[in-house]
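Heads up: the structure comes next, in structure tokens.
Each reported figure results from applying straightforward, stated rules to the coordinates on display, with no laboratory input. Note that the structure is a prediction, hence the values are computed from the model and not measured. Methodologically, a virtual Cβ is constructed for each residue, glycine included, from the backbone with ideal geometry; neighbour enumeration extends over all protein chains shown.
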Amino acid sequence: LLEHYFEVCELEEPTLAERQRIIRSWLEHHSDRSERLLKLVREDQSGRRILVNPLFLALAAVVPDANITSRTRLLDQAIEFLLSKRHSYEIPQCRDSVATTRFILAKLSSVLYESRQASWPRSVLEVILQSDSSFRQQISLSDNSGWTSASSFLEDELRSGVLSPLGGYDAEWQYLHRELQTFLVAEAISRDGTRYEALKQLKRWAERSE
């Protein structure tokens, strides 16, 4: 039925040559890291399985000393790296600890996931944050967090690129990749053992972390 209304495409995995080309392109000025990833792709069965997806190829190239033993471990390191270093390897700008930012972002991701949308106006994110008791508690600890409002948290977070207005400052907010949202939702669920139904619903994503 879908084929009657839409053009259906089947994506092929990138070939070994294509993966090698992506790695060399990302790491043209970092020969040591480039050779390490190229060796993984050529010789390591686990590495070939994990680095078949362009997203994971990019993450493995960007995250220094990435531990490429599983997709979940790579996603974990990528989120930590993005929250710590941001896009330009600048001095960390997070006004609270990365752990606190990540905790709040995971809870926010869980709520956003349940909306079944791919993007959200900034105003919606602010309402969700302001209604969360743990976030309000962080704001009350102003000497530690530096966040004075949901808006200031979002200003702080958007520099990481995990969740940001990808189409421009006034655009709706999206995840850099839905794999990152899936991982953060699973992280939030792992802290709340009562939400088994939400865990089951993660199967809706076409691409899942392993």
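Structure data summary
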item	result
For region 175-186, Karplus couplings with θ = phi - 60° (6.51, -1.76, 1.60), whole Hz, Gly/Pro x	7, 3, 7, 5, 4, 5, 5, 4, 5, 5, 5, 4
Contour minus Cα-Cα distance for Ala118 and Ser25 (0.36 nm per residue)	30.6 nm
For peptides 68-76, 120-128, 53-61, sequence by mean Cβ density within 10 Å, most packed first	53-61, 68-76, 120-128
FRET efficiency for Arg178 and Arg136, using Cβ-Cβ distance with R0 set to 25 Å, rounded to 0.05	0.35
